[in-house]
Structure formats: C-alpha cells, structure tokens
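Here the structure comes first, spelled out in structure tokens, and everything after it is commentary.
The values are calculated or read from the model by the stated rules, or taken from the named source; none is laboratory data. Source: prediction; values computed, not measured. Positions of Cβ are backbone-derived with ideal geometry, glycine not excepted, and every protein chain shown enters the neighbour counts.
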Amino acid sequence: MTRNHRTHFVLIIALIGLISSGLALAADSPVIDRILSTGVLKVGMSGNQAPMNAKNKDGQLMGLEVDLANMLAAAMEVEAKFVVKPFPELLPALRSGEVDIVMSGMTITAKRTADVSFVGPYMLSGKSILTKSTLLAAADNAEDINEEHLTVTALKDSTSQSFAEQYLPKATLVTSDDYDAAVKMVIDGQADVLVADMPICVTSVLKYPEADLVTLSQPLTVEPFGIAIPATDAQLLNLLENYLRTLEEMEVLEDLKRKWLDNGSWVSTLP
C-alpha cells in the first residue's frame, strides 16, 4: 500500500468513526459506551491459532487478527487490549462482558448466532487435516478419513469438533483445549489426524519441518470467520460493519491476507 493509499484510508476510517460513534452514543449502545469511557477495546482470542493469532518468541501477540483488531481500535481512537483465553472460554467471556469482541478464527454459524452476533466475514477458510500419513493427506472428502482404526483430535467446542462428529463418526474423537496440544498429539503419534482450519494446518507443517507433517492441498469445506460481539448491541454491529467494509474496499484486508497467509517468513518467530 502506498503512502497516499494509507493516508486516504486513515481519513476515511476517521470520518466513519466520527459519524458512527456519534450515532451510537445517541442510541442505546452499552458496549460502545464502555469502550469509549475506558479508552480500551477488549479483544478476546486464544493466542495459539497462527496465522490468525499467536505469541512469538518474546511472548508478544501477532497475526492477522491482531493487526486487524489494532486497526479497529485505532479507528475508534482507543487502545486494543488482548484477553487471551482457551477457545471454549471465549464466547462465555463475551456474554459476561469480560471482553467486548472475540476475534479468534471463529466461524459464523447458526448455532452461535443464537447467543451472539457476528460482523463479517473478514476471511473465508475451510476445514482441513494435519497428519503424518501421505495417504490420508490425499483424501478428496471426509469419507476417505472416516475409519474405525483412526484417532482424530479437534479443538473443543469448535466447528472442527462438530465436523468430526458429523462426518467422521467411525473414528475415535479426542478433543483438546488448544491447538498446541492437539498438534503435539499428532507429532507424538497419539492421534492420527487433527481436524482444523486450513491456515492452522499449513502453519503447523511450516513450524515443524522435521515432524513429517502433511496436510490437504484443498480444504474440505468453506467457512466464514467473523467478529463475535454481544447480541444486544446493534450500534456496535453497525460501527464494526462500516469499518470492515471500508477496510475491504481499500484492499487493506487483502494486504493482511498476503502478509500472513502468502508469506511464511514470520513462522521463524514462533517459539
């Protein structure tokens, strides 16, 4: 992005922020009121879902969602504060008000929208597998992996768990609270397959080059990632939708995807 492009983007975001924030304050918007009064946007994420969010060797959070959250906070003229929790605890933290939004590779589903609202999607992903078996990595569909002798692991309370339960009923499913533990199960031979979003699988192959890990060449599904927000705050929904739309129109989202998905140089900074 050129300097003029960035300047144009900042001006547009600032204008939208002024207009939308004014509208929100005039209406009933408890979350925006809290964010503006504290000067902090509390963002919930797992912190171990590279390239979406992860900690580097210095313990600092990085990733596509970290960059995006910082942009949203800057547009609101507040500071982003990242609250790291295991994935299954993120939506309960949102419902309790411990965090204002959740950005953690969270797929927009009908079941989740019964309790929270979603802004986006800001990215399309899909289910893939991580394995040491080149035969399994050549699978064209879920039925090719649905075998009784296989042990499958997936993140607890995730769409990956739902996918495994629905499409791999013959396999033994073992859930995990975080991706690091799940990947280790595959590396150590405790699980034959990890079901996860494709970026997670690709990053794991790059992160552990000596582990003989492989993944699919194409995802098995298409899934939209969105920002989870409290279901009771329509003004926050409107504000973030405006921001995301502008980021997309200015091709900033594409820049982030190229940075984190097309270039693997950042993998060397992972612990």
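Taken over the range 144-199, the criterion of being small (G, A, S), closer than 19 Å to P51 by Cα and out of contact with any Leu (no Cβ under 9 Å at 6 or more places or on another chain) is satisfied by S158, A181. Tell me, which residue of the range 106-128 that is out of contact with any strand residue (DSSP E or B) (no Cβ under 8 Å at 6 or more places or on another chain) and in a loop (DSSP other than H, G, I, E, B) is surrounded by the fewest Cβ atoms within 10 Å (Cβ to Cβ)? Within the range 106-128, the match that is surrounded by the fewest Cβ atoms within 10 Å (Cβ to Cβ) is A110.
Only residues that are part of a strand (DSSP E or B), closer than 24 Å to T232 by Cβ and hydrophobic (A, V, I, L, M, F, W, C) were counted across the range 46-99, and they come to 3. Within the range 41-48, is there a residue that is in contact with a Ser or Thr (Cβ under 6 Å, 6 or more places away or on another chain) and over 25 Å from L168 (Cα atoms)? Yes, the conditions are met somewhere in the range 41-48. Of all residues in the range 157-177, those satisfying the criterion of being part of a loop (DSSP other than H, G, I, E, B) and touching a residue at least 24 places away in the same chain (Cβ under 8 Å) are D157, S158, L168, K170, A171, D177.
The set of residues in the range 163-182 that are under 18 Å from G126 (Cβ atoms), modelled with pLDDT of 95 or more and touching a Ser or Thr at 6+ places or on another chain (Cβ under 8 Å) comprises F163, A182. How many residues does the range 129-156 hold that are of a type in the set (G, A, S), surrounded by fewer than 22 Cβ atoms within 10 Å (Cβ to Cβ) and not in a loop (DSSP other than H, G, I, E, B)? Selection size over the range 129-156: 3.
When the residues of the range 256-266 are filtered to those that are over 18 Å from G105 (Cα atoms) and assigned to a helix (DSSP H, G or I), the one that is modelled with the highest pLDDT is W266. Quick one: in the range 77-132, which of the residues that are touching a Pro at 6+ places or on another chain (Cβ under 6 Å) and aliphatic (A, V, I, L, M) is nearest to A154 (Cα to Cα)? Across the range 77-132, the extreme among qualifying residues is I108. Could you please let me know if A191 is crowded, with 17+ Cβ neighbours inside 10 Å, outside the structural domain of K55 (by TED's automatic domain parsing) and either of a type outside the set (S, T, Y) or not in a helix (DSSP H, G or I) (or both)? Yes, satisfied. Every residue in the range 200-253 that is part of a strand (DSSP E or B) and over 22 Å from F87 (Cα atoms), please. Listed by number, the residues that qualify are V214, T215.
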